[in-house]
1. Once you have a ≥ b ≥ c as the square roots of the Cα gyration tensor eigenvalues for the stretch 128-216, tell me rounded if a/c is under 1.5, and otherwise prolate or oblate according to whether a/b is larger than b/c.
2. With 10 angstrom as the radius, rank 10, 202 by how many other C-beta atoms surround their C-beta, starting from the fewest.
3. Listing 101, 81 from the residue with the fewest other Cβ atoms within 10 Å to the one with the most, what is the order?
4. With a/c under 1.5 counting as rounded, go ahead and sort the stretch 68-114 into rounded, prolate or oblate using the C-alpha gyration tensor (a ≥ b ≥ c being the square roots of the eigenvalues; past the cut-off, prolate if a/b is larger than b/c, else oblate).
5. Under the classification rounded if a/c is under 1.5, otherwise prolate if a/b is larger than b/c and oblate if not, where does the stretch 24-98 fall, given a ≥ b ≥ c as square roots of the Cα gyration tensor eigenvalues?
6. With a 10 Å Cβ neighbour count serving as the proxy for reagent exposure, in which order, fewest first, do 12, 160 appear?
7. Evaluate the relative contact order of the stretch 3-97 (contact order divided by residue number), counting alpha-carbon pairs under 8 angstrom at least 6 apart; express in whole percent.
């Protein structure tokens, strides 16, 4: 995280907390920036009430409850409120450890109740329509289908895919070395189709400007590392070419990867490791999508089902 560029507008205690997250906890830059944005909003609310996160000892439980009420009043989604609560809990725990406050005002604050959200998923036919695009020899088209194959075939987060360097992709061993959340590394397999697509892209990667000087695996048109926004446009293009009715986010392919594995009989622990989830409960969010498939298997196999 370029702390001097992105976070200098924040009060010193917040700056210290975010530096701790980046250097000590090893959180990704995008995650630290999300925490920064949450604390910016909290600080703005504090300043409106003639206080500041510069002086966290002045903020009490009633203040935090007023902040949460304001989030509800302005229509902030419950999932977003929960994330902001998680951010401010971490901040005040940090302040307590640093001796900046005598007690934690966020202790005991509960997340808003909300219905469980489930990932959006494509069916197998839709995924194949998306991936079976003829790329010819156009370097950009070859890159696009290679990226999509990797997201679906190996279940990568988009941040993990665009962070890949050339040395992270071992086509001979059919694996990629991924740096996930918290700078945790994992090795995930490549499907044969993904390997072929990646190889075809590499054969034409030299056509991107400055390709020889750039270690990034996926390059943009100007020869720099492909960015998240560009990757989103890549999938929108492929979805349109495939005749899919909606735009496709990179995370939809990751969700589809997990769901199709579970529907094919993969166990939850294995899918957890492939996705790089630290908690099994996170992976369990995908299991409801397989309910119809499981009911069919039950009807076909359970001794009492046929009765």
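1. Details: a/c = 1.75, a/b = 1.22, b/c = 1.44.
Note, shape of the stretch 128-216 comes out oblate.
2. Numbers: 10 19, 202 16.
Starting with the residue having the fewest Cβ neighbours, the order is 202, 10.
3. Working: 101 20, 81 17.
The fewest-first ordering by Cβ neighbours comes to 81, 101.
4. Working: a/c = 2.70, a/b = 2.57, b/c = 1.05.
Note, shape of the stretch 68-114 comes out prolate.
5. Numbers: a/c = 1.81, a/b = 1.14, b/c = 1.59.
Here the stretch 24-98 falls in the oblate category.
6. Least crowded to most crowded, the residues run 12, 160.
7. Working: 50 pairs, mean separation 29.3, N = 95.
About 31 percent, as a whole number.
Coordinate-derived values only; no laboratory data. Everything numeric in this text was worked out from a predicted model, so none of it was measured. Ideal geometry is used to build each Cβ from the backbone, glycine not excepted, and the neighbour counts take in all protein chains shown.
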